[in-house]
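K.L.:
Sharing a structure below in structure tokens format, with a few things to ask.
The values are calculated or read from the model by the stated rules, or taken from the named source; none is laboratory data. Predicted model, so just to flag it, every value in this text is computed and none were measured. All Cβ positions, even for glycine, are placed from backbone atoms using ideal geometry, and neighbour counts span all protein chains on display.
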Amino acid sequence: MERGEVLLDVRDLKTYFFTDDGVVKAVDGMSFTIHKGEVLGLVGESGCGKSVASMSIMQLVDVPGKIVGGEVIFKGEDLVKKTPEQMRKIRGAEISMIFQEPMTSLNPVYTVGNQIMEAILVHQDVSEEEAKKRTIELLRLVGIPEPERRFNQYPHELSGGMRQRVMIAMAMSCNPDLLISDEATTALDVTIQAQILELMKDLQKKTGMAILFITHDLALVAEMANSIAVAYTGKIVEYSDVYSIFKRPRHPYTYGLLNSVPSLKTEKTKTPLPAIEGMVPSPYRMPNGCHFNPRCPFATERCRKEMPELAEIEPGHLVRCFHPVSVEKEAYA
Amino acid sequence: MAVEVTKVGEVAGGRVETYWYLVGKRLRKHKLAMLSLFVLILIILACIVGPYLSPYHMAELGSTGEVMQPPSHAHLLGTDELGRDVLTRLFYGGRISLLVGFSSVFSALVVGIIIGAYAGYYGGILDTLLMRFTDIMFSIPVMPLLIVLSRVIPGSGVWKIVVVIAIFGWMTDARIIRGMFLSLRENEYVEAARAIGVSNNRIIWRHILPNSLAPIIVSATLGVGGNIIYEAALSYLGFGVMPPTPSWGNMLQNAEYAMAIAPWLVWSPGLAMFITVLAFNYLGDGLRDAMDPRLYR
């Protein structure tokens, strides 16, 4: 696959939370890259550090959290080393973000038009009328009917899907190079979810921006992403293009995740849906060696002692495992 | 005081209702609060217009025969020990008392909002420092210090009182605002604002503050009444507004020794203050009910 130049390069990122009960290594040595115009899906279950990773990219980690190591190279510059003021100019202008809860992501005391205008006025030196004109264009761009009327409406007058469109309009207001979508469709109905996905894909094609698509929903990444990074306990365990991941998952965790998705076959054979044994380990007491070893059917003595490195086992396919699965899964969809 | 529960955003008569519209609507149903509002407007108007309508000047001395006259046609509320018209002085005194009440609440609010907002928004060490400072201010016995301060701060008159009251009046506001900021800063719209590059100051003043207005308004309304009493207490002790400028407080103090022979000198400022403070308290109560967030979920 032909790829553009590297836009974002996260290298060995470590974000720890220093709580009263101990140190939580929410992101513990994550690395991934996003090329220009690429959609990278970051997948994992709750608590695997996906959201913390996105907040770390934005440099919005709050106390007691702290980025303790690693680099976030965006357009050749390390964001970790930026001053708060420099970062503020990047946020919204070059990197934007949309959140999970469209119901609460808009300020209830301002009209939606007002809030999109703010996003424009914070970064661009334009007049109020110009900003208003652009806001209405943006509302139209994200598929909101009657943008002139919607401009003067308050968030509570809009439905969840509409609000998420407004959030997208806000995120798009300065033509960012990278859009981080943190579970942006999770809180929506499936039908609305499909519309929002369609909109994001469409905008991505039109503008050529890159998207970091964070979700726990495997079906969604298959729909959206070019590449996938699977996260487990703050580390990337598998990284490849969508096709390889779904066709030949090599990490036992990825394999288990894909297996636990109901398919037409499980329906036919009436076999119980396979699940991954056990639970995500407590962040305060990570197991020695590979963090997945207590739940892994293939774990050996070595897995209980050593943490495997993320290694390229095939061109473009990186896996953090001593015993990568070599069974081919029948293709999805 | 039965209040109808209406959801924000509910459409009534084809009109989408905003929060403040609903608050107004509910306040109008609160009879005591509306009566208080009416009385307050009346009192404020009287204090503004009254002195122009009165044939007397507040410091105008009467002849010997006019000293301590009971209420009559010429002097509706009688005269004081210097033969001055009590009604005229009551209007002037009201101006001063209300001015002190409003401006001290306003100044205290400005200080309280600034301290509370920064403490609540930034948290951490700044929060600890500011809130411990607030605790210290809280534990100072106010009255003796007020008396000392009003002696130490040079100058006399109204503004000194305002400053003195504000210095000791901001702590409750600061705590309320800090609490509001602590909870509101966790809102996703704050995170979203940060994610589009809005500066911290702008988030504090433009995004969080407007959302914490309700308790501020209630506390301010109740505060005006409280501070009128404060001023009266200071004036009564002789440390407040200095004669000949009248305030309800120093009129009361003046009248103290004459209580037996000229009770109208006590009743007039006393009742004026009583009614005003009561009205502020009822209005504050009404506002609190009307803005109760539990009714807007």
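K.L.:
With the requirement that a residue be part of a loop (DSSP other than H, G, I, E, B) and acidic (Asp, Glu), what does the range A:136-150 give you?
P.N.:
Initially, the range A:136-150 is screened for residues part of a loop (DSSP other than H, G, I, E, B), giving A:142-146.
A:146, the sole residue that qualifies.
K.L.:
Condition first: of a type in the set (A, V, I, L, M) and within 13 Å of chain B (Cβ to nearest Cβ). Now tell me which residues in the range A:137-161 satisfy that. Break it down stepwise before answering.
P.N.:
Of the residues in the range A:137-161, the ones of a type in the set (A, V, I, L, M) are A:138-139, A:141-142, A:144, A:158.
Across the range A:137-161, the qualifying residues are A:138, A:158.
K.L.:
Among the residues of the range A:240-259 satisfying the criterion of being within 16 Å of residue A:321 (Cβ to Cβ) and in contact with a Ser or Thr (Cβ under 7 Å, 6 or more places away or on another chain), which is surrounded by the fewest Cβ atoms within 10 Å (Cβ to Cβ)?
P.N.:
It comes out as A:240.
K.L.:
Another question, then. Please verify whether residue A:57 is more than 12 Å from every other protein chain (Cβ to nearest Cβ) and within 21 Å of residue A:5 (Cβ to Cβ), treating the condition exactly as stated. Quick ask: steps written out before the conclusion?
P.N.:
Working: more than 12 Å from every other protein chain (Cβ to nearest Cβ): no; within 21 Å of residue A:5 (Cβ to Cβ): yes.
Spelling it out, it is not the case that residue A:57 is more than 12 Å from every other protein chain (Cβ to nearest Cβ) and within 21 Å of residue A:5 (Cβ to Cβ).
K.L.:
Output the number of the condition that residue A:175 fails; it satisfies all remaining conditions of (1) surrounded by fewer than 21 Cβ atoms within 10 Å (Cβ to Cβ); (2) away from every other protein chain (no Cβ under 12 Å); (3) under 17 Å from residue A:101 (Cα atoms).
P.N.:
(3)
K.L.:
Right, another one. List the pairs whose first member sits in the range B:168-197 and is under 25 Å from residue B:219 (Cα atoms) and more than 7 Å from chain A (Cβ to nearest Cβ), whose second member is assigned to a helix (DSSP H, G or I) and of a type in the set (Phe, Trp, Tyr), and whose Cβ atoms are under 6 Å apart, counting only residues at least 6 apart or on separate chains?
P.N.:
Within 6 Å, the pairs are B:171/B:138; B:181/B:121; B:185/B:121.
K.L.:
Against the condition out of contact with any Cys (no Cβ under 9 Å at 6 or more places or on another chain), among the charged types (D, E, K, R) and modelled with pLDDT under 90, how does residue A:183 come out, does it pass? Spell out how you get there, then give the answer.
P.N.:
On the way: out of contact with any Cys (no Cβ under 9 Å at 6 or more places or on another chain): yes; among the charged types (D, E, K, R): yes; modelled with pLDDT under 90: yes.
Taking the combined requirement at face value, the residue satisfies it.
K.L.:
Further question on the same structure: Regarding the range A:24-36, can at least one residue be identified that is touching a residue at least 60 places away in the same chain (Cβ under 8 Å), assigned to a loop (DSSP other than H, G, I, E, B) and under 23 Å from residue A:184 (Cβ atoms)? Before the answer, list the steps.
P.N.:
Going residue by residue through the range A:24-36, those that are touching a residue at least 60 places away in the same chain (Cβ under 8 Å) are A:24-32, A:34-36.
Checking the rest, the ones that are also assigned to a loop (DSSP other than H, G, I, E, B) come to A:36.
With under 23 Å from residue A:184 (Cβ atoms) added as a condition, the list becomes A:36.
The answer is yes, given that some residue of the range A:24-36 is touching a residue at least 60 places away in the same chain (Cβ under 8 Å), assigned to a loop (DSSP other than H, G, I, E, B) and under 23 Å from residue A:184 (Cβ atoms).
K.L.:
Quick check on my filter: what residues within the range A:176-195 are touching a strand residue (DSSP E or B) at 6+ places or on another chain (Cβ under 8 Å) and closer than 19 Å to residue A:51 by Cα? Spell out how you get there, then give the answer.
P.N.:
Step one: of the range A:176-195, the residues touching a strand residue (DSSP E or B) at 6+ places or on another chain (Cβ under 8 Å) are A:176-186.
Scanning the range A:176-195 gives A:178, A:179, A:180, A:181, A:182, A:183, A:184, A:185, A:186.
K.L.:
Among what's in the range A:228-244 and is touching a residue at least 24 places away in the same chain (Cβ under 8 Å) and assigned to a helix (DSSP H, G or I), pick the residue that is nearest to residue A:54 (Cα to Cα). So that I can check it myself, show each step before the final result.
P.N.:
Within the range A:228-244, the subset touching a residue at least 24 places away in the same chain (Cβ under 8 Å) is A:228-242, A:244.
Restricting the remaining residues to those that are assigned to a helix (DSSP H, G or I) gives A:242, A:244.
Working: A:242: 20, A:244: 24 Å.
Among residues in the range A:228-244 that are touching a residue at least 24 places away in the same chain (Cβ under 8 Å) and assigned to a helix (DSSP H, G or I), the one nearest to residue A:54 (Cα to Cα) is A:242.
K.L.:
Pull up the range A:61-79, narrow it to residues that are surrounded by fewer than 16 Cβ atoms within 10 Å (Cβ to Cβ) and hydrophobic (A, V, I, L, M, F, W, C), then point me to the one that is nearest to residue A:166 (Cα to Cα).
P.N.:
Among residues in the range A:61-79 that are surrounded by fewer than 16 Cβ atoms within 10 Å (Cβ to Cβ) and hydrophobic (A, V, I, L, M, F, W, C), the one nearest to residue A:166 (Cα to Cα) is A:63.
K.L.:
When the range A:102-111 is examined, which residues are found to be in contact (Cβ under 8 Å) with a residue 60 or more places away in the chain and within 7 Å of chain B (Cβ to nearest Cβ)?
P.N.:
To start, the set of residues in the range A:102-111 that are in contact (Cβ under 8 Å) with a residue 60 or more places away in the chain comprises A:102-103, A:105-106.
The answer is A:105, A:106.
K.L.:
Do you know which of the residues in the range A:296-322 that are in a strand (DSSP E or B) and in contact (Cβ under 8 Å) with a residue 60 or more places away in the chain is surrounded by the most Cβ atoms within 10 Å (Cβ to Cβ)? Break it down stepwise before answering.
P.N.:
Keep residues of the range A:296-322 that are in a strand (DSSP E or B), which gives A:311-314, A:317-319.
Filter once more, keeping what is in contact (Cβ under 8 Å) with a residue 60 or more places away in the chain: A:313-314, A:317-319.
Details: A:313: 13, A:314: 12, A:317: 18, A:318: 20, A:319: 27.
Looking at residues that are in a strand (DSSP E or B) and in contact (Cβ under 8 Å) with a residue 60 or more places away in the chain, I get A:319.
K.L.:
I'd like to know if the range B:226-248 contains one or more residues that are assigned to a loop (DSSP other than H, G, I, E, B) and either within 14 Å of chain A (Cβ to nearest Cβ) or on the phi > 0 side of the Ramachandran plot (or both).
P.N.:
yes
K.L.:
All but one of (1) out of contact with any Pro (no Cβ under 9 Å at 6 or more places or on another chain); (2) surrounded by 15 or more Cβ atoms within 10 Å (Cβ to Cβ); (3) assigned to a loop (DSSP other than H, G, I, E, B) hold for residue B:287, so report the exception by its number.
P.N.:
Failed condition: (3).
K.L.:
While we're looking at this one, here's another question. Looking only at the range A:96-119, count how many residues are in contact with a helix residue (DSSP H, G or I) (Cβ under 7 Å, 6 or more places away or on another chain) and not in a loop (DSSP other than H, G, I, E, B).
P.N.:
Selection size over the range A:96-119: 9.
K.L.:
Report, ordered by the first and then the second residue, all pairs with beta carbons closer than 6 Å, sequence separation of six or more or different chains, a first member in the range B:117-128 that is without any contact (Cβ under 8 Å) to a residue 60 or more places away in the chain, and a second member that is part of a helix (DSSP H, G or I).
P.N.:
Every condition considered, the pairs that remain are B:127/B:119.
K.L.:
In addition: Which of the residues belonging to the range B:198-210 are surrounded by fewer than 19 Cβ atoms within 10 Å (Cβ to Cβ) and either facing chain A (nearest Cβ under 7 Å) or acidic (Asp, Glu) (or both)?
P.N.:
B:199, B:210
K.L.:
Just give me the residues in the range B:241-267 being buried (at least 22 other Cβ atoms within 10 Å of the Cβ), farther than 19 Å from residue B:165 by Cα and out of contact with any Pro (no Cβ under 9 Å at 6 or more places or on another chain), in sequence order.
P.N.:
B:265
K.L.:
Considering only the range A:122-135, state which residues are assigned to a helix (DSSP H, G or I), farther than 22 Å from residue A:184 by Cα and more than 10 Å from chain B (Cβ to nearest Cβ).
P.N.:
At the first step, the residues of the range A:122-135 found to be assigned to a helix (DSSP H, G or I) are A:122-123, A:128-135.
Next, from what is left, pick out any that are farther than 22 Å from residue A:184 by Cα: A:122-123, A:128-134.
Result: A:128, A:129, A:130, A:131, A:132, A:133, A:134.
K.L.:
Please list, ordered by first then second residue, the pairs with beta carbon atoms under 9 Å, 6 or more apart or interchain, first in the range A:79-101 and facing chain B (nearest Cβ under 8 Å) and small (Gly, Ala, Ser), second assigned to a loop (DSSP other than H, G, I, E, B) and surrounded by fewer than 16 Cβ atoms within 10 Å (Cβ to Cβ).
P.N.:
Every condition considered, the pairs that remain are A:93/A:124; A:93/A:175.
K.L.:
To continue, here is another question. If residue B:118 passes every condition in (1) out of contact with any helix residue (DSSP H, G or I) (no Cβ under 7 Å at 6 or more places or on another chain); (2) buried (at least 18 other Cβ atoms within 10 Å of the Cβ) but one, which one does it miss?
P.N.:
(1)
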